[in-house]
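A.B. asks: Take a look at this one; I'll ask things after.
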Amino acid sequence: MELTKYSWWGESNEPPPHLKTKKQLGELGLSPLKPSGVIPTRKYDVLLYDIHNPECCRPKRKPSPKQLETLAANRLKAQIKRDYQEWYREVGFIERDRVRAVLWAREQLSQDDWVILDTETTDLYDAEIVEIAIIDRTKETLLDTLIKPSIPIPAEVTEIHGITDEMVATAPSFPTVYPRIVEVLKDKRILIYNAEFDIKILAYCCRLHNLPVLQLSKRSECLMEWVAQWAGNWSYYHKDYRYFPLPSGNHRALGDCTAAFELIKKMAADSDEMNCPVPIPDR
């Protein structure tokens with residue numbers, strides 16, 4: 001049967017009042033069956049249904065109590081998911097990263113294949129090492145020595161770590177200490193607070209003295225990045241966590257190694273439960 005064609009509402013051949021679209025049927029509590037008219041458009045056809053003809057539409061079936069219960073449960077699940085996603089987008093990812101940092105710290109304490117390294121230097125750029133320390137996972141000192149650089153230590157740097165030219169005057173040179181560094185770091189992962197800086201300084205000193213570069217990047221982890229993630233000081237502008245100086249460090253190599261170790265223990269002791277103010281959706 002060919003459908004009667006109508007024009008859009010407001011035009012000369014608009015549909016009569018008893019012909020309704022699917023949306024209008026739904027508002028009347030009716031379900032469509034068989035269309036009796038159509039409004040052709042360029043993109044699609046709008047089907048029309050006669051509300052007075054039982055062959056065109058019928059009353060919607062009332063849902064059973066079980067269906068209503070299921071519908072309510074699904075709506076609640078959807079609301080929980082929306083609330084969680086909104087929380088996660090705003091601040092939840094910070095809490096997730098805190099938990100990840102806690103689990104990372106616990107994993108380190110359960111393993112014995114790593115050491116903590118720290119250096120003190122003559123400056124920040126093209127600097128030489130004046131002190132180096134390395135401890136293991138039991139906090140045992142594997143290396144702790146001053147190193148005599150080939151250049152003077154600036155007074156403003158001495159004000160930071162307290163190491164003077166007089167203190168390093170009789171200290172071993174970097175080439176003398178180098179074999180011990182290689183020995184202690186052999187087959188170990190290295191945890192460093194601000195790893196990029198210490199790795200860069202070690203590489204510079206190796207090249208300065210024509211020694212093989214230690215190639216630490218692939219087996220090192222930056223503790224400063226994990227601590228920043230654990231502390232959760234997120235910058236929405238930079239889209240990253242803000243770094244901060246090593247807490248409780250004394251700007252001496254061994255003291256900073258010890259402070260870094262205690263920081264790992266503190267992170268590991270933190271809760272690994274998500275502190276979420278809204279219900280967490282079922283996986």
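The values are calculated or read from the model by the stated rules, or taken from the named source; none is laboratory data. The structure presented is a predicted model; accordingly, all values stated were derived computationally and were not measured. Please note: Cβ atoms are built from the backbone with ideal geometry, for glycine as well, and neighbour counts cover all protein chains shown. These accessible areas exclude ligands, DNA and RNA; they are computed on the full protein's heavy atoms, side chains included. Shrake-Rupley method; radii C 1.70, N 1.55, O 1.52, S 1.80 Å.
A.B. asks: Please state which one of 117, 103, 68 is in contact (Cβ under 8 Å) with a residue 60 or more places away in the chain and open to solvent by 40 Å² or more (accessible area, probe 1.4 Å).
C.D. replies: 103
A.B. asks: Any chance you could count how many residues in region 2-26 are aliphatic (A, V, I, L, M) and over 11 Å from residue 36 (Cα atoms)?
C.D. replies: 1
A.B. asks: Need the failing condition index for residue 56 against (1) of a type in the set (A, V, I, L, M, F, W, C); (2) within 22 Å of residue 224 (Cβ to Cβ); (3) open to solvent by less than 80 Å² (accessible area, probe 1.4 Å), just the number.
C.D. replies: (2)
A.B. asks: Same structure again: Got a sec? Which of 125, 84 is over 30 Å from residue 177 (Cβ atoms) and modelled with pLDDT under 90?
C.D. replies: 84
A.B. asks: Of everything in region 150-168, what is outside any loop (DSSP other than H, G, I, E, B), in contact (Cβ under 8 Å) with a residue 40 or more places away in the chain and surrounded by 14 or more Cβ atoms within 10 Å (Cβ to Cβ)? Give them in sequence order.
C.D. replies: In the first step, residues of region 150-168 are kept if they are outside any loop (DSSP other than H, G, I, E, B); the result is 155-161, 165-168.
Those left that are additionally in contact (Cβ under 8 Å) with a residue 40 or more places away in the chain: 160-161.
Correct list: 161 only.
A.B. asks: Determine, yes or no, whether residue 149 is touching a strand residue (DSSP E or B) at 6+ places or on another chain (Cβ under 6 Å) and over 25 Å from residue 263 (Cα atoms).
C.D. replies: Spelling it out, residue 149 is indeed touching a strand residue (DSSP E or B) at 6+ places or on another chain (Cβ under 6 Å) and over 25 Å from residue 263 (Cα atoms).
A.B. asks: Which condition number in (1) within 21 Å of the chain's Cα centre (by Cα); (2) modelled with pLDDT of 95 or more is the one that residue 259 fails?
C.D. replies: (1)
A.B. asks: Here is a check on your reading of the model: is residue 176 open to solvent by 20 Å² or more (accessible area, probe 1.4 Å), over 37 Å from the mean Cα position of the chain (by Cα), farther than 29 Å from residue 113 by Cβ and not acidic (Asp, Glu)?
C.D. replies: For residue 176, the condition - open to solvent by 20 Å² or more (accessible area, probe 1.4 Å), over 37 Å from the mean Cα position of the chain (by Cα), farther than 29 Å from residue 113 by Cβ and not acidic (Asp, Glu) - is not met.
A.B. asks: Out of all the residues in region 27-44, is one or more assigned to a helix (DSSP H, G or I) and more than 30 Å from residue 234 (Cα to Cα)?
C.D. replies: yes
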